[in-house]
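A short write-up of the structure that comes next.
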């Protein structure tokens, strides 16, 4: 089995090879679209199930809105159309017919839609067009709806999971009586995302708001969580938007408030996507392959028998039965790989590539000595332990791996986070990669000029950074706060 | 609250009003597409979770393939293109731009795709195009993949849940070494559908195969389950296809078999959709509204307090707490509706409309007498019972309602199933509505002529009907078996 490219050689190539070789996803013959393979989809199912439960605990329900959006809907919210309508898959016809020679098929020119439909890049417009009929009075509020769906954005440069023409996501769309309530909702959801990223994906993130030019098209405020990948680039992992009354105004959604007056409804939207899988891969994986945090791994433990003949395999099979049962009873997923067509060495490589957190192996000598070999994927450390307490040991080890991965990623981020005060320092650190914490004069002009010169953008105006007086290292103008710059995916 | 149209007045109108008024779904402003509202989506989630577990128990895994299919893929399987490519949403462009006056947006004529994409009506083509790269040898088989997805078929006449331009479904696509194995898979899946329809949705179905002209476009054999709705029309509720080697040949998917020879791969596909929700509504509901089988109802029990002042409400709230806890402990979902802005009568109507299987109500006199009022949605019967054993009673009642709904639907079907031997009888019974079991000479010509004259089609060549000699009532030609005719949705 060929090894994958090393991160130090070519990080992009490493990532692409890893995603494909670990069986997570692959490019398809449809431009920019990926096939999510069963192992990758199993991770998405865990993400979905976990978040879905959190959404329901916080009072949300699921629904489903059409995939097509009439083109005119996009024109109704001025900024939204700028942000989304440009890179869009456009449905213009509704029928095919045989070619004149009868050998092929072609688009039937007689079946042209009166108004083209856009395949949804996000659903604010179709949803607010629907909410207009659902909302008359404050008694109809709040509406707390989430949708699990596919969306399409015609990206020119794609990368598996991180940026694809079609991707899977969830999009929450809520409607409220007051600005305060909507703002609290938007903050609540970014906090759920933060907690999920850090506690489940073991990816430390910085929480805060976007600068006006990086806001979602149509939002008043965009909350974001940003991670730092191993190549020093930032990745936006989830956003939650306070939309003010922008979409209510665009779609004329008013309600009778408690004072008996007609008022526009307040809105939020929030989403995370299959991109989270990319974030997790880029944060933890190494040159051996995938490294999965136990809380998201579809398979926690693999057990591999080492044997020379069927009798030995039989004895080992019996030997590990109590371990398998013990692990399952604790809710730990385990696979005993007794496939006789593959050598143990092949299996070791395969499960390493697939990022299974813990590997156990047992051979005839283990049976004699009542031991078992245990290998942890995160540190690549191996040891022999008495078999007696192995189930409890594995349970604790999985927790330890989860903690260790988070700590390792946090250490990495801290080592690659720089407070800079001069423009030379700024350029140097951006070039090296990492989060650069610098003063900003608050203008879009400076932000654009910095992006032009360094490809770095303001990733987040972080919650943890206090207001402080300072000087913008680029413009030399006064600044009231430091913000976080980085090059980003 | 206005009542809904009665079934006897206008069955179609009754159905449409019921779906909307019960909050299950509604038409959208996108032609033929529906909005699935939270209550309807909650039912879909239960369908999905149940079936997903059954698919996984039988060795299947989930994956995700692109929503777009290059037009040329459809042309590769001759029958498939006839069946699906005609009514299709066609993506021809990938960008919009501002109109010359700057006030609106338009499709950018410079952004025309070289090859149009079809929004998937079903995914055999894109999946078999992918499987070609996954399969080299018998060791790569079987592939047992399922996909949960949205699909689009440009239907001209739509009806909520039953036939919409976009709908949600699952589609299984499996690849096998042998014809036998693929055939067993196709049969296994239709059996899972049958068991689900009957045991969970409480809808009795007839299982069997389709006549050649009713087969899935590209299938060698199509297995089906057919239900009978209250208006005497049949509804196809799920199909499972043995595809032979048709798609493997179309997409050149060969494998090295155990004899070392290259062979085309054998295939199945199978699916059920949000149509199942329509089937369930049409089977059980009545003029009062929705009737939900307990196994699929998002809410099993509603408790309504009858009170005149806050003290009474407080006392009733305390009174029902042990009931709520007891029901929840048994996994029964329960809602205590203490909304003070609505009268009990309004609530009674609302939960009746929504088909909640059991309603409990308690007032001051119940507290005195230690009783509770219990009302079952299926029979509309009300009684007062001692509160002491109410939790156990409700648990048993839910089972009884589930059984009763199935039995009632089965009785209905049996009363509307006719063995006919003459053409006059045939026409009469088809006109009355129901399943008509008649001999068929086995020709597509007769089948087409019968459809032309009566609008009835062969729904299913049922497993339960034995081979027997007879005469086709239409053509007078000899027949080897009876088949089931009906008008259908």
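The values are calculated or read from the model by the stated rules, or taken from the named source; none is laboratory data. Note that the structure is predicted; figures quoted are calculated from it, not measured. Quick reminder, even Gly has a Cβ in these numbers, built from the backbone with ideal geometry, and neighbours come from all protein chains shown.
Of all residues in segment A:183-214, those being touching a strand residue (DSSP E or B) at 6+ places or on another chain (Cβ under 9 Å) and closer than 29 Å to residue B:150 by Cβ number 10. Evaluating residue B:139 against the criteria (1) assigned to a strand (DSSP E or B); (2) facing chain A (nearest Cβ under 8 Å); (3) exposed (fewer than 14 other Cβ atoms within 10 Å of the Cβ) leaves one unmet condition, (1).
Of all positions in segment B:265-288, none carries a residue that is surrounded by fewer than 23 Cβ atoms within 10 Å (Cβ to Cβ) and without any contact (Cβ under 8 Å) to a residue 60 or more places away in the chain. When segment A:423-443 is limited to residues that are farther than 15 Å from residue A:481 by Cα and surrounded by fewer than 19 Cβ atoms within 10 Å (Cβ to Cβ), the one that is nearest to the chain's Cα centre (by Cα) turns out to be A:433.
Residues checked against (1) within 22 Å of residue B:61 (Cα to Cα); (2) within 37 Å of the chain's Cα centre (by Cα); (3) surrounded by fewer than 20 Cβ atoms within 10 Å (Cβ to Cβ):
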position	(1), (2), (3)
A:309	no, no, yes
A:333	yes, yes, yes
A:342	no, yes, yes
A:366	no, no, no
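In segment B:29-67, which residues are in contact with a helix residue (DSSP H, G or I) (Cβ under 8 Å, 6 or more places away or on another chain), more than 7 Å from chain A (Cβ to nearest Cβ) and more than 23 Å from residue A:144 (Cβ to Cβ)? Within segment B:29-67, B:50, B:51, B:54, B:55, B:58 qualify.
In the set (1) closer than 30 Å to residue A:361 by Cα; (2) touching a residue at least 12 places away in the same chain (Cβ under 8 Å), the condition left unmet by residue A:396 is number (2). Restricting segment B:344-362 to residues that are farther than 20 Å from residue B:14 by Cβ and surrounded by 20 or more Cβ atoms within 10 Å (Cβ to Cβ), the residue that is farthest from the chain's Cα centre (by Cα) is B:362. On the given criteria, is residue B:131 at pLDDT 95 or above and more than 10 Å from every other protein chain (Cβ to nearest Cβ)? Yes. As for segment B:34-55, it holds at least one residue that is within 23 Å of residue A:24 (Cα to Cα), in contact (Cβ under 8 Å) with a residue 12 or more places away in the chain and buried (at least 19 other Cβ atoms within 10 Å of the Cβ). Of all residues in segment A:468-484 being more than 18 Å from residue A:424 (Cβ to Cβ) and under 30 Å from the mean Cα position of the chain (by Cα), which is surrounded by the fewest Cβ atoms within 10 Å (Cβ to Cβ)? Top of the filtered list is A:481. Scanning segment B:281-299 turns up one or more residues that are assigned to a strand (DSSP E or B) and more than 28 Å from residue B:191 (Cβ to Cβ). Counting only residues that are farther than 21 Å from residue B:364 by Cβ and either in contact (Cβ under 8 Å) with a residue 60 or more places away in the chain or surrounded by 14 or more Cβ atoms within 10 Å (Cβ to Cβ) (or both), how many does segment B:317-328 have? Number of matching residues: 2. Evaluated against (1) closer than 22 Å to residue B:93 by Cβ; (2) at the interface with chain B (Cβ under 9 Å from one of its Cβ atoms); (3) in a strand (DSSP E or B), residue A:115 falls short on exactly one condition, (2).
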